[in-house]
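Only one structure is covered here, and it is reproduced in the block below.
The values are calculated or read from the model by the stated rules, or taken from the named source; none is laboratory data. What you see is a predicted model; the values in this text were computed from it and never measured. Note that each Cβ is placed from the backbone with ideal geometry, even for glycine, and that neighbours are counted across all protein chains shown.
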Amino acid sequence: MSKRHRKLEINQRCQPDTGSSPGAIYLDEHSLEPRITLHNITAGNYSSQTVSSLTEVMSAVNSTDKTTWVEIKGFKSIPMFEMLQQEFGINKLTLEDITRTHERPKFEEFEQYAFATSRMLIFNADRELENTQVSFILIGNALFTFQENYEDCIQPVRERLKAGKGNIRTGGGSYIMYAIMDVIIDTYIEILNGWADELDELEDRLMDKPERSIMYDTQMIKRHLISIRRVAWPEKDKINDIIRSDSPFIHDQTKLYFKDAYDHCIQTIDLIDSLKEISISNIDMYLSMISIRMNEIMKVLTIISSIFIPLTFIAGIYGMNFAKQDPVTGKMMPMNMPELYAPHGYLYTILLMVLIAVLQLIYFQKKGWFK
């Protein structure tokens with residue numbers, strides 16, 4: 001048995017152990033049963049059918065008069081990966097990259113095939129952003145795609161195949177790979193445009209009434225922007241590698257379309273940077289407005305304290321109650337408060353305190369403290 005036909009090593013963990021040997025297939029208990037769809041594509045016809053195993057696609061893949069797209073969703077099938085290695089000569093390191101599902105977007109050339117990965121972003125039913133890996137293997141005029149789950153965002157590619165417009169049916173497997181990658185990149189832009197609208201709404205809410213929830217929502221978008229930036233940059237590098245590739249599996253005509261996808265990646269990165277700046281600006285504005293609001297509160301408290309400090313001083317002085325005359329012996333106490341027994345002393349003291357408060361208010365008004 002040749003080296004590439006050796007039995008695959010299966011790792012039941014979703015992540016490799018430190019120091020583990022390369023080339024292992026990573027399947028865990030939550031892996032989904034594979035759903036295999038065979039798309040047969042010619043210039044004048046398109047058909048798709050669900051098959052139970054890769055054995056049923058052998059003749060279609062080896063055909064030279066049509067383009068074949070084998071769409072695989074779910075990895076819970078060891079024989080499927082063994083057949084990919086034995087019948088199609090897929091390197092075990094490639095199979096490892098397919099099943100680990102945490103690879104960054106990349107493009108690799110092999111003698112018998114070309115391999116690429118992309119990161120597909122999609123919102124689930126709970127409006128949480130899911131980051132799923134899509135892997136591509138291009139063999140001749142046949143394209144294999146791999147996903148670990150059943151969700152995707154590439155339905156527009158299937159609709160274009162049904163409509164048969166443009167080069168989708170005549171461009172070969174490399175063009176279908178481009179079309180899928182282009183839809184994935186366009187999904188990035190669609191998601192970013194949605195976040196742009198949310199940031200505009202958050203900014204309007206911020207100007208109307210700053211609330212703590214605004215900062216939390218903005219911070220969540222900012223975290224998502226960081227995540228999508230980690231995807232968009234390697235996606236751009238991958239597309240550039242494909243354009244510069246000499247692989248016979250990538251047609252020269254298709255490279256022209258990959259240049260357009262590269263421009264979309266640049267647009268995505270520019271949009272990410274712009275939205276990131278807006279989100280940072282919103283957070284800074286919120287903190288500034290909260291600081292201004294706190295300063296206004298402190299100003300009001302300072303004004304109130306400034307008014308009552310002299311009043312409290314006066315009340316404290318006359319609250320000591322040092323009598324001028326000893327109530328037992330009748331002896332006069334020198335240097336004590338004669339005002340305690342002054343006629344109408346309470347009224348005069350109150351009027352003095354009111355006058356001091358009014359004068360302070362007039363002074364603060366002239367200083368502009370109430371603006």
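Looking at the range 93-114 only, could you name the residues that are modelled with pLDDT of 90 or more, out of contact with any strand residue (DSSP E or B) (no Cβ under 6 Å at 6 or more places or on another chain) and not aliphatic (A, V, I, L, M)? Result: Glu96, Asp97, Arg104, Glu109, Phe110, Glu111, Gln112. Scan (1) within 19 Å of Ile180 (Cβ to Cβ); (2) among the small types (Gly, Ala, Ser); (3) modelled with pLDDT of 85 or more for the single condition Ala60 breaks and write down its number. Only one criterion in (1) within 19 Å of Ile180 (Cβ to Cβ); (2) among the small types (Gly, Ala, Ser); (3) modelled with pLDDT of 85 or more is unmet by Ala60, namely (3). I'd like the residue in the range 100-115 that is surrounded by 20 or more Cβ atoms within 10 Å (Cβ to Cβ) and over 23 Å from the mean Cα position of the chain (by Cα) and, out of all such residues, is nearest to Ser63 (Cα to Cα). Checking each candidate, the answer is Tyr113.
The rows are residues; the columns are (1) in contact with a helix residue (DSSP H, G or I) (Cβ under 8 Å, 6 or more places away or on another chain); (2) of a type outside the set (S, T, N, Q); (3) surrounded by fewer than 15 Cβ atoms within 10 Å (Cβ to Cβ).
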position: Asn240; (1), (2), (3): yes, no, no
position: Ile269; (1), (2), (3): yes, yes, no
position: Met285; (1), (2), (3): yes, yes, no
position: Met332; (1), (2), (3): no, yes, yes
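Screening the range 334-371 for residues that are more than 30 Å from Lys299 (Cα to Cα), hydrophobic (A, V, I, L, M, F, W, C) and surrounded by fewer than 13 Cβ atoms within 10 Å (Cβ to Cβ) and picking the one that is modelled with the highest pLDDT gives Leu347.
Each row is one residue, and each column tells you yes or no for (1) in a helix (DSSP H, G or I); (2) within 17 Å of Ile185 (Cα to Cα); (3) of a type outside the set (Phe, Trp, Tyr).
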position: Met220; (1), (2), (3): yes, no, yes
position: Ser247; (1), (2), (3): no, no, yes
position: Asp260; (1), (2), (3): yes, yes, yes
position: Gln267; (1), (2), (3): yes, yes, yes
position: Leu271; (1), (2), (3): yes, yes, yes
position: Met285; (1), (2), (3): yes, no, yes
position: Arg293; (1), (2), (3): yes, no, yes
position: Met298; (1), (2), (3): yes, no, yes
position: Ile303; (1), (2), (3): yes, no, yes
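Rundown of residues vs (1) of a type outside the set (D, E, K, R); (2) buried (at least 21 other Cβ atoms within 10 Å of the Cβ); (3) in contact (Cβ under 8 Å) with a residue 40 or more places away in the chain, yes/no style:
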{"site": "Asp65", "(1), (2), (3)": "no, no, no"}
{"site": "Ile78", "(1), (2), (3)": "yes, no, yes"}
{"site": "Gly89", "(1), (2), (3)": "yes, no, yes"}
{"site": "Leu93", "(1), (2), (3)": "yes, no, yes"}
{"site": "Ile98", "(1), (2), (3)": "yes, yes, yes"}
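Pairs meeting the criteria (first residue in the range 100-123 and assigned to a loop (DSSP other than H, G, I, E, B), second residue among the charged types (D, E, K, R), beta carbons under 6 Å, at least 6 apart or on different chains) are Thr101/Glu148; Glu103/Asp97; Pro105/Arg119; Pro105/Glu235; Pro105/Lys238. Of all residues in the range 291-321, those satisfying the criterion of being surrounded by 12 or more Cβ atoms within 10 Å (Cβ to Cβ) and in contact (Cβ under 8 Å) with a residue 60 or more places away in the chain are Lys299, Ile303.
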